[in-house]
Ligand code: 5AD
Ligand code: SF4
């Protein structure tokens with residue numbers, strides 16, 4: 001009998017990349033592999049890549065280099081590199097030259113065909129496939145995850161927004177939405193396998209269904225998902241501020257399972273920079289959306305993404321970004337130094353910002369956000385929050401961890417039997433990243 005083959009799958013980048021990595025792992029499972037996290041004993045290593053910033057690419061190239069040594073020790077090891085980095089125009093040839101030890105290359109539009117690529121390599125030789133366009137029918141039949149409490153569900157693919165700094169539309173193609181029936185079916189299947197929380201994924205979930213006729217939008221989809229029996233929570237990312245409708249905010253306010261957490265990337269607080277970024281909203285419009293959320297959902301948590309050092313960003317522009325942080329009070333902010341991505345308009349713009357200025361701005365931004373995160377969490381002390389119990393604490397196995405509806409991490413004592421259920425927790429301690437509390441029986 002053939003030995004049990006082991007696959008290690010690594011995902012870099014966003015939740016979409018993680019979801020794609022799960023799909024690839026599932027495909028290998030159907031070919032007899034079991035998943036593992038021990039690189040030393042692997043028969044196949046898959047890296048699903050990210051190219052959103054140069055730092056991600058450098059990290060991934062380092063990892064691919066490490067795998068070369070592993071392959072020298074274990075010549076039977078197969079290495080597959082997939083996803084956004086491979087999909088970049090002209091990247092395949094360059095990558096193949098830099099990493100000849102890789103056996104399979106697959107672009108973002110070729111993941112569903114991974115089984116055939118694997119077979120090609122099993123028969124000896126190498127495989128590489130990067131299509132320029134997606135194949136819609138294949139794409140709309142993803143494989144559901146098994147047995148997990150929380151799952152990511154793609155509701156759409158691609159992006160039409162072309163923010164001037166961003167490579168995503170160039171590697172994930174134009175926006176296309178999955179049919180509501182397929183999404184609901186996938187979630188019902190997940191629930192049957194024990195899933196209790198889903199995160200609906202899209203680069204811009206707020207424009208879900210814009211191509212549908214008759215009209216059917218993201219709010220309509222959320223209302224449907226909210227009714228699925230046994231499902232406890234529904235989350236979604238990412239929201240583009242320009243498309244965040246009143247209907248959507250109302251739907252979340254009225255929903256039972258729809259979590260009051262908006263990840264609403266602002267990117268910059270300066271109108272001049274927002275325009276150069278092609279974000280299609282002003283700081284005033286953004287703030288009006290935040291006011292609407294706070295009016296209908298006073299306890300909603302808001303998180304964001306911010307880029308510092310975009311070409312042309314002056315000290316004053318940056319001050320406007322800092323000022324917005326103190327107006328909105330984000331629970332969390334993902335902060336990045338602008339990274340030049342070839343093929344995007346911003347890479348060609350003049351007034352690129354020197355690295356030391358970017359670093360200084362990032363430091364200041366992070367320290368403001370750390371204080372805000374702490375203040376936000378301290379404001380939760382003494383109050384009771386609904387928490388989905390997710391598992392044992394990684395740092396202290398006698399404690400449980402879970403998340404609030406706002407996605408804040410909470411640590412508390414309790415019996416492991418309650419994992420997977422909702423409990424009420426009163427918060428009594430807060431740090432920048434975690435909350436500590438006690439279960440309160442109401
Ligand atoms: N440089 C820095 N950050 C970027 N992002 C996207 N492209 C770039 C880039 N070229 C950030 C944005 C986006 C997040 C996922 O990554 O903030 O919201
Ligand atoms: Fe990139 Fe903008 Fe699309 Fe987000 S909305 S994926 S930042 S182009």
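For this structure, a couple of remarks:
- The one condition in (1) surrounded by fewer than 16 Cβ atoms within 10 Å (Cβ to Cβ); (2) within 13 Å of ligand 2 (Cβ to nearest atom) that residue 207 fails to fulfil: (1)
- Residues (within 22 Å of residue 217 (Cβ to Cβ), in contact (Cβ under 8 Å) with a residue 40 or more places away in the chain and more than 16 Å from ligand 1 (Cβ to nearest atom)) located in segment 182-200: 182, 183, 184, 186, 187, 188, 198, 200
- Residue check for residue 358: touching a helix residue (DSSP H, G or I) at 6+ places or on another chain (Cβ under 7 Å), surrounded by 13 or more Cβ atoms within 10 Å (Cβ to Cβ) and under 28 Å from residue 171 (Cα atoms): no
- Residue satisfying condition, being more than 16 Å from ligand 1 (Cβ to nearest atom), free of Cβ contacts under 8 Å to residues at least 24 places away in the same chain and out of contact with any helix residue (DSSP H, G or I) (no Cβ under 6 Å at 6 or more places or on another chain), within set 147, 124: 124
- In this structure, residue 53 does not satisfy being farther than 24 Å from residue 15 by Cα and surrounded by fewer than 22 Cβ atoms within 10 Å (Cβ to Cβ).
- The residues of segment 160-181 that are more than 25 Å from residue 260 (Cα to Cα), away from ligand 1 (no atom under 16 Å from the Cβ) and out of contact with any helix residue (DSSP H, G or I) (no Cβ under 9 Å at 6 or more places or on another chain) amount to a single one, 174.
Residue-by-condition table, conditions (1) near ligand 1 (Cβ under 10 Å from one of its atoms); (2) surrounded by fewer than 19 Cβ atoms within 10 Å (Cβ to Cβ):
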position	(1), (2)
260	no, no
284	no, yes
291	no, yes
294	no, yes
300	no, no
317	no, no
322	no, yes
340	yes, yes
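Matching residues to (1) closer than 16 Å to residue 9 by Cα; (2) touching a helix residue (DSSP H, G or I) at 6+ places or on another chain (Cβ under 6 Å):
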position	(1), (2)
60	yes, no
64	yes, no
69	no, no
73	no, no
77	yes, yes
87	no, yes
99	no, yes
102	yes, no
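- Flag if residue 393 is modelled with pLDDT under 95 and either touching a strand residue (DSSP E or B) at 6+ places or on another chain (Cβ under 7 Å) or more than 16 Å from ligand 1 (Cβ to nearest atom) (or both): yes
- Filtering 102, 86, 153, 45 for residues that are surrounded by 17 or more Cβ atoms within 10 Å (Cβ to Cβ), assigned to a loop (DSSP other than H, G, I, E, B) and not assigned by TED's automatic domain parsing to the domain that holds residue 420 leaves a single hit, 102.
- Selection count where residues are farther than 20 Å from residue 198 by Cβ and touching a residue at least 12 places away in the same chain (Cβ under 8 Å), scope segment 386-409: 6
- Taken over segment 181-202, the criterion of being farther than 13 Å from residue 228 by Cα and either touching a strand residue (DSSP E or B) at 6+ places or on another chain (Cβ under 7 Å) or at pLDDT 95 or above (or both) is satisfied by 199, 200, 201, 202.
- The set of residues from segment 9-42 being in a helix (DSSP H, G or I) and over 18 Å from residue 201 (Cβ atoms) comprises 27, 28, 29, 30, 39, 40, 41.
- Residue in segment 21-31 that is in contact (Cβ under 8 Å) with a residue 12 or more places away in the chain, within 16 Å of ligand 2 (Cβ to nearest atom) and in the same structural domain as residue 112 (by TED's automatic domain parsing) present: no
- Conditions (1) in contact with a helix residue (DSSP H, G or I) (Cβ under 7 Å, 6 or more places away or on another chain); (2) surrounded by fewer than 18 Cβ atoms within 10 Å (Cβ to Cβ); (3) touching a residue at least 60 places away in the same chain (Cβ under 8 Å): number failed by residue 224: (3)
- Residues being in a loop (DSSP other than H, G, I, E, B) and near ligand 2 (Cβ under 7 Å from one of its atoms) - total across segment 163-181: 2
The values are calculated or read from the model by the stated rules, or taken from the named source; none is laboratory data. Here the structure is a predicted model, which means the values were calculated and not measured. Quick reminder, even Gly has a Cβ in these numbers, built from the backbone with ideal geometry, and neighbours come from all protein chains shown.
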